Amino acid sequence: MKKLAMAVVTVFCITVTGIAQDKTVQDLRGESGKTIKKDESDTTVKTWKTGGMFNGTVGQTSLNNWAAGGDQFSFNSNGILNLHAFYKKGIHSWDNSLDLEIGYINSTSLGTRKTNDRIDLISKYGCQLFDHMYLTGLFNFRSQFTAGFTYPDDTTKIKTSNFLSPAYVIVAAGMDWKPSPTFSLFLSPITSRWVIVNDDELSAKGAYGVDSGKTVRNEIGAYLTATVNREIIKNLTYKAKLDLFSNYKHNPQNIDVFMTNLISMNVYKGFGFNVGADFIYDDDQKSFGKDKNAARLQVRQFIGIGYQRKF
C-alpha cells in the first residue's frame, strides 16, 4: 500500500509538472505570437527623415609586352557620398542635402590627375502657403576639395581651381514647389551670390570674374534650382540637380548653368554601376576657345562599376 501510494504521488507530480510545463510553453508561444500595437495615447509624429548613399568604384590596368601599346600601369578610383536630412512638421519644412565627390587616376606616363571633385551643400527652410507651394529661404555652398589643373601637354600643367577657388555662396528667398517627396523646383527673383577665389595665384589672374587681386565678387540676380531624387524602378535611382543664375549687374542674358546627373543601379548585394554626366556654363570662365578667352559649355561624363550602399 505504501509503495502504491508512493507510485501514485510520483505519477501525480510528474503529471502536474508536465501540465505546468505545457502551460508555460503555451504561454511563451502565445506571447511571442502577439502583434505589437502602438499605444493609442502615443501621438508622436516622426518629423525627421535622414539617409544617404555611398558609391565607390575602382579600376586597374597593367600591360607587359603588349604590342598594341598603352600605359604600363593605370589605376583609377572615384567616391560619391550623398547625405540628406528632411524635416516636416505642420506647415514647416526644412530640407538639407550634402553631395561629396572625389576621383583620381594614376598612370605611369601621366602621373596622378584629378577626375572628379565637388562639395555641394544646400539647405532650404519653407513655410507652406497652400498645396505643394512653400515660401522658402535657401542657402547653397558649392566648391571643391583640392587643386585642379588643365594639361596643355604631357609636361605642362596650369592651375585652374583649388579649395574655395572658386566657391559659390547663394542666399535666396522665393517660392518652392514640391509636388512630391522626390522633386522640388525653387525660384527666386532676387538672389545674392558671392563668387570666392581664395587662391592668390588665381586671384591675381582675375579668375571666375573676380577682379584681379580681390577674393570676392558679389552678384544680384534671379535664381532657379530644380532637384530630383527618385527610384525609377527597384534598385535603379536617378538623382539630378539643375541650377540657373542670371546676374542683373552684368550681362543678365548670359545665364550660368550648373547641372549634375547620376544614375545608380544596385545589381547584386551592393555591387552595381553608376553613370553620370555634369554640365557647366559660366560666362565668366573665359579660358576656352582658340585664344583661351571664350566661355564654353563644360561637360564631364563617367561610368563606374563598384560598391554602393544606401542607409
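Yes/no matrix, rows are residues, columns are (1) within 25 Å of the chain's Cα centre (by Cα); (2) at pLDDT 95 or above:
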| site | (1), (2) |
| --- | --- |
| Arg193 | yes, yes |
| Gly206 | no, no |
| Asn251 | no, no |
| Asn274 | yes, no |
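How do the strands (runs of 3 or more DSSP E) wholly within the stretch 86-179 filter down when requiring 3 or more residues that are surrounded by 15 or more Cβ atoms within 10 Å (Cβ to Cβ) and not β-branched (Val, Ile, Thr): which remain? Spell out how you get there, then give the answer.
Numbers: elements: 92-107, 111-130, 133-143, 148-153, 156-161.
Counting at least 3 such residues, we get 92-107, 111-130, 133-143, 156-161.
Can you tell which of Gln285, Gln253 is among the polar types (S, T, N, Q) and in contact (Cβ under 8 Å) with a residue 60 or more places away in the chain? Lay out the reasoning, then the answer.
Values: Gln253 fails: in contact (Cβ under 8 Å) with a residue 60 or more places away in the chain.
Exactly one residue qualifies, and that residue is Gln285.
Within the stretch 204-219, track down each residue that is surrounded by fewer than 20 Cβ atoms within 10 Å (Cβ to Cβ) and either assigned to a loop (DSSP other than H, G, I, E, B) or hydrophobic (A, V, I, L, M, F, W, C) (or both).
Going residue by residue through the stretch 204-219, those that are surrounded by fewer than 20 Cβ atoms within 10 Å (Cβ to Cβ) are 204-206, 209, 211-216, 218.
Selection gives Ala204, Lys205, Gly206, Asp211, Ser212, Gly213, Lys214, Thr215, Val216.
Every residue in the stretch 221-231 that is surrounded by fewer than 20 Cβ atoms within 10 Å (Cβ to Cβ) and either closer than 17 Å to Asp282 by Cβ or over 27 Å from the mean Cα position of the chain (by Cα) (or both), please.
Just the residues of the stretch 221-231 that are surrounded by fewer than 20 Cβ atoms within 10 Å (Cβ to Cβ), to begin with: 222, 224, 226, 228-231.
Correct list: Ala222, Leu224.
Scan the stretch 180-203 residue by residue and report those that are surrounded by fewer than 13 Cβ atoms within 10 Å (Cβ to Cβ) and either touching a helix residue (DSSP H, G or I) at 6+ places or on another chain (Cβ under 7 Å) or within 19 Å of Ala294 (Cα to Cα) (or both).
none
Among the residues of the stretch 159-194, which ones are in contact (Cβ under 8 Å) with a residue 40 or more places away in the chain and of a type in the set (Ser, Thr, Tyr)?
Thr160, Ser161, Ser165, Thr182, Ser184, Ser188, Thr191
With respect to Leu138, determine if the residue is within 28 Å of Met53 (Cα to Cα) and at pLDDT 95 or above. First the steps, then the outcome.
Numbers: within 28 Å of Met53 (Cα to Cα): yes; at pLDDT 95 or above: yes.
For Leu138, the condition - within 28 Å of Met53 (Cα to Cα) and at pLDDT 95 or above - is met.
Any residue at all in the stretch 65-83 that's within 26 Å of Leu135 (Cα to Cα) and modelled with pLDDT of 90 or more? Even if it seems obvious, please write down each step before you answer.
As a first pass, look at the stretch 65-83 and keep what is within 26 Å of Leu135 (Cα to Cα): 82-83.
Next cut, modelled with pLDDT of 90 or more only: 82-83.
Yes, there is a match, as at least one residue in the stretch 65-83 is within 26 Å of Leu135 (Cα to Cα) and modelled with pLDDT of 90 or more.
The values are calculated or read from the model by the stated rules, or taken from the named source; none is laboratory data. All values reported here derive from a predicted model rather than from experimental measurement. In this analysis, Cβ positions are derived from the backbone assuming ideal geometry, glycine residues included, and neighbour counts consider all displayed protein chains.
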